[in-house]
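Visitor: Here it is, the structure, as structure tokens.
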Amino acid sequence: MELLTKKSFKYRIYPTKSQVSTLENQFSMCRHLYNWNLAERIDAYEEDETTISYNQQQNKLPALKEERPWFKSIHSQVLQDVLRRLDKGYKSFFRRVKNGETPGFPKFKKRGQWNSITYPQYQKRPTNSCIAVSKVGNIEIVYHRDIPEEANIKTLTITKEAGKWFACFSVESPVATELKQDQLPPVGIDMGLIDFFYASDGSQVSIPKYLRKKEKQLQRLQRRLSKAKKGTKRYRKILRALQKCHYRVKCQRNDFLHKKANELLNKSNTIFHEKLVVQNMIRRPKPKQDEETGKYLSNGASTKAGLNKSIADAGWSRFFEFLRYKAERLCKQVVSVPPHYTSQVCSSCGVIVKKSLSTRTHRCECGFVANRDHNAAINILRIGMDTLQAST
Ligand SMILES: [Zn+2]
């Protein structure tokens, strides 16, 4: 039997003005449909304690379309999905009551409380930056990352969140089971400011330059926005460009982190990294005062601000988050080890070789020479292996 895993892929979409009004109309009709059917279920129960099923309600859809012809402008499967959501809400309510919980009863949806429609049998892939949405039209999509070839698209949900529109595909893809059986070597990684990380096997990953480039673009747009007059056409135009840019940076960064996490997990079953307190490293350093003169000294704030930017860019904590959940899915492990002289200790002989932050090469009297971060990564691997062995 083939194992399947469910994932979802979310993209920003840009419906035209008329598509927006079509979608909003559909939301409103779906909300009414939901409320009518909820009322029907409540009435039936109060009158003679009967339960109305999903099928019963679905069978009434054709009659509804005769009575209210404007409902023909919505795809029938979208309407069925509304009834299915209600059915699901009902079933989970009664299941939880049975379990002795006190869940809230399904509520009537107020105006503005319905913000999505789902096509439960959607299978098309976006083409030419467009998705074909039945009864709405071709909508512009920012297809920033491919849905893998082997994945089967199951559903499409269009949502409006905080004024922005999104398309969310849920897909099913086969689980790569052969990976688990391989005996892959453990690896230690040292997160860095110059390289994104250095691994104990000698490989390294740099922070992509395109992220920095985009940052500059963001700053430019920010400046232009601050000069534009609020409420004007120009202001709205810059604002939209800014939001678009923000979104792209986020996507590109996540894409980078996903890729690098996958690459690591493809070559190892156990990954060790140093426990990092990223929050502290991002904080701005306090100004230093000269004890004799009382003058403020350079505290390297600007240098550090530059470094901080790199940390923020690189998104270490997000990276670890991705690594963790991906590892869990693959039955692999990601272990954090306490930071302990990892950059100072010689990974070959164990002697402490003191070096400042600017010394990029580890040179030991024992003859071992390596990139500073590579040496640290080997130490992290060793500490990690020691901790694992001690705990078993
Ligand atoms: Zn040494």
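The values are calculated or read from the model by the stated rules, or taken from the named source; none is laboratory data. Please read all numbers here as calculations on a predicted model, not as lab measurements. With ideal geometry, Cβ positions are generated from the backbone for all residues, glycine too; neighbour counts draw on all protein chains shown. Accessible surface is based on the protein model in full, side chains and every heavy atom, while ligands, DNA and RNA are left aside. Shrake-Rupley method; radii C 1.70, N 1.55, O 1.52, S 1.80 Å.
Visitor: Of the conditions (1) of a type outside the set (Lys, Arg); (2) away from the ligand (no atom under 14 Å from the Cβ); (3) within 23 Å of Leu193 (Cα to Cα); (4) part of a loop (DSSP other than H, G, I, E, B), Cys331 satisfies every one except a single condition; which number is it?
Guide: Answer for Cys331: the failing condition is (3).
Visitor: Does Val351 satisfy the criteria of being open to solvent by 70 Å² or more (accessible area, probe 1.4 Å), at pLDDT 85 or above and among the β-branched types (Val, Ile, Thr)? If you could, list the steps in order and put the result at the bottom.
Guide: On the way: open to solvent by 70 Å² or more (accessible area, probe 1.4 Å): yes; at pLDDT 85 or above: yes; among the β-branched types (Val, Ile, Thr): yes.
Here the answer is yes, as Val351 does meet what is asked.
Visitor: Turning to a different aspect of this structure: Considering only the stretch 362-377, state which residues are away from the ligand (no atom under 14 Å from the Cβ) and either of a type in the set (Val, Ile, Thr) or buried (at least 22 other Cβ atoms within 10 Å of the Cβ) (or both).
Guide: Result: Asp373, Ala377.
Visitor: Residue pairs, Cβ under 7 Å, 6 or more apart or interchain, first in the stretch 230-242 and charged (D, E, K, R), second not in a helix (DSSP H, G or I). List them.
Guide: Listed pairs, sorted by first residue: Arg234/Ala228.
Visitor: Filter the stretch 257-282 for residues that are in a helix (DSSP H, G or I) and at pLDDT 90 or above and give the result.
Guide: Listed by number, the residues that qualify are Leu257, His258, Lys259, Lys260, Ala261, Asn262, Glu263, Leu264, Leu265, Asn266, Lys267.
Visitor: Taking only pairs six or more apart or across chains, which ones have beta-carbon atoms under 7 Å, a first residue in the stretch 362-377 that is more than 8 Å from Ser348 (Cβ to Cβ), and a second residue that is within 9 Å of the ligand (Cβ to nearest atom) and hydroxyl-bearing (Ser, Thr, Tyr)?
Guide: Asn375/Ser347
Visitor: Right, something else. Please verify whether the stretch 118-136 includes one or more residues that are exposed (fewer than 15 other Cβ atoms within 10 Å of the Cβ), of a type in the set (A, V, I, L, M, F, W, C) and assigned to a helix (DSSP H, G or I).
Guide: no
Visitor: Go through (1) touching a Pro at 6+ places or on another chain (Cβ under 7 Å); (2) of a type outside the set (S, T, N, Q); (3) within 22 Å of Lys7 (Cβ to Cβ) and name the single condition Arg96 misses.
Guide: (3)
Visitor: Only one of (1) more than 19 Å from Phe108 (Cβ to Cβ); (2) in contact with a helix residue (DSSP H, G or I) (Cβ under 7 Å, 6 or more places away or on another chain) is not met by Ile52, so which one is it?
Guide: Single failed check for Ile52: (1).
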